[in-house]
Amino acid sequence: MRRTMMFALMTVFAVPGIAMAADGGEGWIKPFAAIAAGIGFGLAAGLCGLGQGRAAGSAVDAMARQPGNTNRIQTAMILGLAFIESLVLFVFVIAVILLFVKS
C-alpha cells in the first residue's frame with residue numbers, strides 16, 4: 001500500500017515536468033491545472049456517488065418504516081439529491097475553467 005501511494009505521488013509530480021518538456025517550457029500553470037481539475041472532479045464525483053447512495057438508502061428505509069409519509073419523504077429525497085448533484089456540477093464548471101487556463 002505504501003509503495004503504491006509513493007509511486008502515485010511520484011507520478012503526479014513527474015507529469016508536469018514531462019508536459020513542460022513537450023511544450024517548450026512556457027509555464028507550469030497548465031500541467032498543474034490539469035492535475036487539479038482531474039483530482040478535484042474525481043473526488044467530487046466519487047463522494048457525490050457515496051452521498052447519493054446513502055441519501056437514497058436512508059429514504060427507502062424511512063419509507064419502509066412509515067408508508068404513510070412516502071410522498072413527503074420522496075420529495076425531500078429528490079430535493080436533497082438535486083442539491084448533492086449541483087455540487088458536482090459546480091466542480092465540473094471549475095474543472096473546465098482550469099483546463100482552459102492560458103499559461
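Read the figures in this text as sums done on the coordinates, not as results from a lab. All values derive from a computational prediction rather than experimental measurement.
Quick look at the values:
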read-out	value
Per-residue ³J(HN,Hα) for the stretch 53-70, Karplus 6.51 cos²θ - 1.76 cosθ + 1.60, θ = phi - 60°, Hz, x for Gly and Pro	x, 5, 5, 5, x, 5, 5, 5, 4, 5, 5, 5, 7, 10, x, x, 9, 4
The stretch 82-90 - phi-based ³J(HN,Hα) in whole Hz, Karplus 6.51/-1.76/1.60, Gly and Pro as x	5, 5, 5, 5, 5, 5, 5, 5, 5
Cα-based shape type of the stretch 23-103, given that a ≥ b ≥ c are square roots of the gyration tensor eigenvalues and the cut on a/c is 1.5	prolate
